[in-house]
Amino acid sequence: MKLLEYQAKQRFAAAGIDIPAGRLARTGDEAAAVARELGRIAVKAQVPIGGRGKAGGIAVVDTPEDARREAERILALRIRGYPVHALWCEQALAIDHELYLGITLDRDRGRLVLIVSASGGMDIEQVAESAPEKVVKIWPDPFAGPQPYEIRQLAFAALAHAEALRERAGQLVTGLVRAGTRLYALAVAHDALTCEINPLVLTPQGTLVAGDGKLEIDENAEYRHQDLVAELSGDQGDADRAGEDPYEAEARRRGLTYVHLDGYVGCIGNGAGLVMNTLDLVKQHGGEPADFLDVGGGAGAEKVRNALEMVLLDPNVRGVFINIFGGITRGDEVARGIVAARDQLHITKPLVVRMTGTNEAEGRQILEAAGIVPATSATEAARTIVALTAGGQS
Amino acid sequence: MSVLVDSNSRVIVQGATGKEGRFHTAQMRAFGTNVVGGVSPGKGGADQDGVPIYNTVTDAVAATGANVAGVFVPPPFAADAIMEAAAAGVALTVCITEGIPVLDMIRATAFVKSTGTRLLGANCPGIVTPAQCKVGIIPNHINKPGPVGIVGRSGTLTYEVIQGLGLAGMGQTTSVGVGGDPVMGLRFVDVLRLFAGDEETRVVVMIGEIGGSDEEDAAAWITASGFAKPVVAFISGRTAPPGKRMGHAGAIISGNRGTAQSKIEALTAAGAAIADTIEDVVRLTAERLETRVA
């Protein structure tokens, strides 16, 4: 779950990290009102994707008239597929220097990594590629969290690369230790897999202020953050995800792991690797997959029925390949779901089922009794479904 | 021989009284696994289908001498269960549970590292040494003893390979599913290292998928360590469009890192044979077994 900038910043502020004064606006008039109140402001598109500055989604304005005009321009944009429904209008910062402060998951080390760089701003990824020594990292002990001395070392190491900051390093490091400690605590409290301030703005007055905010919460941990989920689904909901593929949006509402593709062979399986291999097999036999749908481990009859219904919503789908290798998923449950879906939804398009593994015999029996003959191998099933769906009519 | 589990493994099941735990405890026993107990807090003293239930892992280990734990508890409690098993001193914990919060796994893996316990998973299908011991959810009937070591990320695809090899007459020393979570216990490299020391394993089949860099790391290790056994590798997700998250957290391509191409190139450079299909895995494995015999 990705928070929008303003949602992340509200949490930063609550954690004691400075943010610019700002208001949310959804119309040009509202943006103009914020400019009247706060003076020179930055009008920023609220979209759940990076690169909005380069896409024209941010404008700095001096007058309410300019705020209205720029707000209306940005609200009409579509940024990398996402329409803009809301603007965060905040006091424009006087920028002395842009730093970077972030926390993310390091899969290789199996820990959160705390990152500081004196080269913050839009090109931090390039800096990380071309001058990795300027992006300094620590991997705090997951039980103790980062200690002040660790962040101090990290901060001094990062600032050593910025000539302009050297004289103020002592004072700056104090601010970075405070911000880093608070951001790490915030990340842990929110089960964040990414928690980032870029740029972290050093103002001429010597304060550190979050110029942007990114916060992405682990989906596995959403059960611990029901308040947040409820709050965000109210605010962010379908309106702000309108750039999403409509089929993928529907799958999300149904609680299914689904990716919409361009082809015509519906694909359902259990386990991400197996479903990817199912797609590979369809392609190898000359077909084009219409989707990736993983019913996951332990799927029952209802989930399978739901999955079939989902895949068939796409009118391009001419037939469905169901590939199940039972482990924790049981063949009989899957078979019951397939038969229920076919009967309830009056499915007439070809269904090719390949089923093996746990409770395979029971599953085959249920399918055969309902007139669906399961294929013996995935390769045979792929060949069959591609043959049945070839020819163009859907 | 085998790796990690064998006929001396004495297994307890954490979460044995839950729906999945109970079903798979019965499956494991039907396989021939020596399941010596179950753990379910508050249900200690009970007997379920002939398996004694204990309140804590420590109680279970003291009473039964268990050295392997299988974890089937729901996600909110699974990391705690992993740490409980490690604290009780089992040699191996196999965690099947899918959907554990990442921060929980960061703590659990750090804790496990501070003990002598090895962790397999979470979100993995488990491990099988045919005719001796199964811990996890790999279907019973597909496994047979033989000279092939299998290590895979995707559960169901690992089953495909076990079954494909078995139907062609090639059994396994041990099949290990490492799982697809971003923060995990044993990785490809750890399992390859174990197979290197297992005399009976003559060929290793590695089943990878797009996302992450474990396959690339394994390739680097094969080269660096001079791993002498032939490796047959299969990577799923070759036709997956970049930037799309295919199911669990593991399978996402970002930039060039984690693509099927990068994995195939790395493994080819390390001398592995690349299989395009499961049928290829079977053929290439058979060829390598024959070469080794000759």
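Quick notes
- Some residue of region A:170-178 being touching a strand residue (DSSP E or B) at 6+ places or on another chain (Cβ under 6 Å) and closer than 30 Å to residue A:30 by Cα: no
- Condition check for residue B:52: over 20 Å from the mean Cα position of the chain (by Cα) and either buried (at least 23 other Cβ atoms within 10 Å of the Cβ) or more than 20 Å from residue B:95 (Cα to Cα) (or both): yes
- Filtering region B:26-46 to residues that are within 14 Å of chain A (Cβ to nearest Cβ) and open to solvent by 10 Å² or more (accessible area, probe 1.4 Å) leaves B:26, B:27, B:30, B:31.
- Residue tally, condition buried (at least 22 other Cβ atoms within 10 Å of the Cβ) and outside any helix (DSSP H, G or I), over region B:75-91: 1
- Contact annotation: residue pairs with Cβ atoms under 9 Å, 6 or more positions apart or on different chains, pairing a residue in region B:81-107 that is away from chain A (no Cβ under 11 Å) and charged (D, E, K, R) with a partner that is part of a helix (DSSP H, G or I) and open to solvent by 10 Å² or more (accessible area, probe 1.4 Å), are B:84/B:58.
- Failed criterion for residue B:148 (all others in (1) within 24 Å of residue B:79 (Cβ to Cβ); (2) buried (at least 23 other Cβ atoms within 10 Å of the Cβ) hold): (1)
- Of all residues in region A:65-82, those satisfying the criterion of being open to solvent by 20 Å² or more (accessible area, probe 1.4 Å) and more than 14 Å from chain B (Cβ to nearest Cβ) are A:65, A:66, A:68, A:69, A:70, A:72, A:73, A:75, A:76, A:77, A:78, A:82.
- For residue B:197: the one exception among (1) within 14 Å of chain A (Cβ to nearest Cβ); (2) over 13 Å from the mean Cα position of the chain (by Cα): (1)
- Checking each residue in region B:160-183 for being within 11 Å of the chain's Cα centre (by Cα) and either under 18 Å from residue B:134 (Cα atoms) or open to solvent by 10 Å² or more (accessible area, probe 1.4 Å) (or both) picks out B:174, B:175, B:176, B:177, B:178, B:179.
- From the options A:227, A:235, A:218, residue that is within 16 Å of the chain's Cα centre (by Cα) and modelled with pLDDT under 95: A:218
- Test: residue in region A:346-360 that is in contact with a Leu (Cβ under 6 Å, 6 or more places away or on another chain), over 24 Å from residue B:238 (Cα atoms) and open to solvent by 10 Å² or more (accessible area, probe 1.4 Å): yes
- In region B:261-279, residue farthest from the other protein chains (Cβ to nearest Cβ) [restricted to those that are of a type in the set (D, E, K, R) and open to solvent by 30 Å² or more (accessible area, probe 1.4 Å)]: B:265
- Residue in region B:161-178 that is in a strand (DSSP E or B), within 11 Å of chain A (Cβ to nearest Cβ) and within 17 Å of residue B:70 (Cβ to Cβ) present: yes
- Selection count where residues are within 14 Å of chain B (Cβ to nearest Cβ) and touching a residue at least 40 places away in the same chain (Cβ under 8 Å), scope region A:139-162: 2
- Summed over region B:55-69, residues that are open to solvent by less than 20 Å² (accessible area, probe 1.4 Å) and either hydrophobic (A, V, I, L, M, F, W, C) or not assigned by TED's automatic domain parsing to the domain that holds residue B:23 (or both) total 5.
- Residue A:333 open to solvent by 10 Å² or more (accessible area, probe 1.4 Å), under 31 Å from the mean Cα position of the chain (by Cα) and not polar (S, T, N, Q): no
- Test: residue in region A:37-57 that is open to solvent by 20 Å² or more (accessible area, probe 1.4 Å), at negative phi and part of a helix (DSSP H, G or I): yes
- Residue count, region B:108-129 (criterion: in contact (Cβ under 8 Å) with a residue 40 or more places away in the chain and either surrounded by fewer than 23 Cβ atoms within 10 Å (Cβ to Cβ) or at the interface with chain A (Cβ under 8 Å from one of its Cβ atoms) (or both)): 4
- Number of residues in region A:337-394 that are assigned to a helix (DSSP H, G or I), in contact with a His (Cβ under 9 Å, 6 or more places away or on another chain) and within 14 Å of chain B (Cβ to nearest Cβ) equals 5.
- Being over 22 Å from residue B:106 (Cα atoms) and either at pLDDT 95 or above or not assigned by TED's automatic domain parsing to the domain that holds residue A:103 (or both) is a description that applies to residue A:210.
- The number of residues in region A:374-394 being touching a strand residue (DSSP E or B) at 6+ places or on another chain (Cβ under 8 Å) and of a type outside the set (Ser, Thr, Tyr) comes to 9.
- Within the span defined as region A:324-334, every residue fails to be more than 27 Å from residue B:26 (Cβ to Cβ) and in the same structural domain as residue A:251 (by TED's automatic domain parsing).
- Scanning region B:1-20 for residues that are surrounded by fewer than 23 Cβ atoms within 10 Å (Cβ to Cβ), within 23 Å of residue B:178 (Cβ to Cβ) and within 13 Å of chain A (Cβ to nearest Cβ) yields a single hit, B:20.
The values are calculated or read from the model by the stated rules, or taken from the named source; none is laboratory data. Computed from a predicted structure; not experimentally measured. With ideal geometry, Cβ positions are generated from the backbone for all residues, glycine too; neighbour counts draw on all protein chains shown. Only protein heavy atoms, including side chains, enter the accessible area calculation; ligands, DNA and RNA are left aside. Shrake-Rupley method; radii C 1.70, N 1.55, O 1.52, S 1.80 Å.
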